[in-house]
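One structure is given here, and the rest of the page talks about it.
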Amino acid sequence: MAASDIEAAISPERVTMRKRTTTVSLAALATLVLTGCSSTTTVHPTPIPRAESTVQAVDVDHLPELNAPATCSGYVALTFDDGPTQVTKDLLDILGHYDVPAAFFNLGLQEKKMPELVERQIREGHQVGNHTMTHPELLTIPLDEALDDIDAATVVHRDLVDHSYTLFRPPYGGTNQEIRKGAEERNMTEVLWTVDSKDYEAASAEQVIEQSQGMTDGGILLMHDGKPPTVEALPQIIRSYYDQGLCFGQVTTVDEELPSNMGTTHRARATEQEAKP
Ligand SMILES: [Zn+2]
């Protein structure tokens with residue numbers, strides 16, 4: 001299977017999105033906001049300002065001003081799967097502007113295409129975890145093939161950026177005891193999530209914001225790299241948790257089993273970010 005086919009299989013809409021220009025997508029969003037589709041209950045995203053000279057770049061000087069809580073009543077974690085992609089730099093610009101950490105669960109195939117973005121993720125203090133090489137449904141293939149796909153990503157990552165993964169997220173959350181044990185034997189904690197933004201099927205940033213609500217202290221939000229609506233939604237997602245007194249932290253391995261998605265458990269939660277070296 002060619003890499004482009006694999007990518008299409010992972011995310012059929014991603015291929016379509018690439019063909020659109022950022023300008024069109026922002027114009028559509030602006031129209032939506034300006035034509036007053038608003039209701040009193042919906043939180044609208046703020047269109048991400050772009051520098052005029054470089055349409056692709058987020059103009060961080062004009063992002064909305066957000067106020068982090070004076071005292072954090074708890075910590076939640078933002079996670080982005082399937083990158084790096086053409087919008088990773090936008091995510092990093094926004095996260096950097098607000099000094100918010102995140103965890104990126106990268107694909108080996110994507111890391112090979114954009115190693116400079118992996119370096120930037122690490123350099124800017126974000127966590128970077130293993131999301132396999134080719135994004136297979138691990139439960140539908142033999143265990144040794146599943147582990148080989150995980151190992152292939154680890155090798156690519158180590159060779160590209162001289163960094164070892166300590167976190168692992170199975171594609172689609174598809175895991176079992178053997179896969180989890182395999183990750184642990186490779187010194188990686190399996191990380192699922194507590195809230196799914198469902199941004200892979202969201203038609204708008206508003207939807208992503210709405211579906212990203214509900215985390216409490218320790219919560220982990222699943223989002224995806226490569227989705228323009230997620231980029232547009234990010235400042236308002238941050239604001240919505242700040243309004244609840246929650247701050248953004250890192251994904252930390254814990255000794256206890258905590259509830260995660262779909263009735264499963266994992267040994268991970270959000271905690272305050274360790275001081276940067
Ligand atoms: Zn994925």
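Observations on the model:
- If the condition is being among the aliphatic types (A, V, I, L, M) and in contact with a Gly (Cβ under 9 Å, 6 or more places away or on another chain), then the range 121-159 contributes Met133, Leu138, Leu139, Leu143, Ala146, Leu147, Ile150, Ala152, Ala153, Val155, Val156.
- Test for Gln236: is it among the polar types (S, T, N, Q), under 13 Å from Ile94 (Cα atoms) and either in a loop (DSSP other than H, G, I, E, B) or away from the ligand (no atom under 16 Å from the Cβ) (or both): yes
- All conditions but one from (1) at pLDDT below 95; (2) surrounded by fewer than 16 Cβ atoms within 10 Å (Cβ to Cβ) apply to Leu63; the one that does not is (2).
- Of the residues making up the range 169-186, none is touching a strand residue (DSSP E or B) at 6+ places or on another chain (Cβ under 8 Å), over 20 Å from Glu137 (Cα atoms) and either open to solvent by 10 Å² or more (accessible area, probe 1.4 Å) or in a loop (DSSP other than H, G, I, E, B) (or both).
- Given (1) within 16 Å of the ligand (Cβ to nearest atom); (2) in contact with a strand residue (DSSP E or B) (Cβ under 6 Å, 6 or more places away or on another chain), number of the condition Thr194 does not satisfy: (1)
- All of His131, His135, His157 fail the test of being at positive phi and either modelled with pLDDT under 95 or within 16 Å of the ligand (Cβ to nearest atom) (or both), apart from His135.
- Among the criteria (1) away from the ligand (no atom under 16 Å from the Cβ); (2) in contact with a Ser or Thr (Cβ under 6 Å, 6 or more places away or on another chain); (3) not in a loop (DSSP other than H, G, I, E, B), the one Pro64 does not fulfil is (3).
- A Cβ distance below 6 Å, combined with a sequence gap of six or more or placement on separate chains, defines the contacts here; from the range 171-192, residues that are modelled with pLDDT of 95 or more reach residues that are surrounded by 21 or more Cβ atoms within 10 Å (Cβ to Cβ) and among the charged types (D, E, K, R) in the pairs Arg180/Glu190; Ala183/Glu190; Val191/Arg169.
The values are calculated or read from the model by the stated rules, or taken from the named source; none is laboratory data. Quantities reported herein were computed from a predicted structural model and do not represent experimental measurements. Glycine also receives a Cβ, built like all others from the backbone with ideal geometry; neighbour counts cover every protein chain displayed. The protein model used for the area step is the full one, side chains on, heavy atoms only, and it has no ligands, DNA or RNA in it. Shrake-Rupley method; radii C 1.70, N 1.55, O 1.52, S 1.80 Å.
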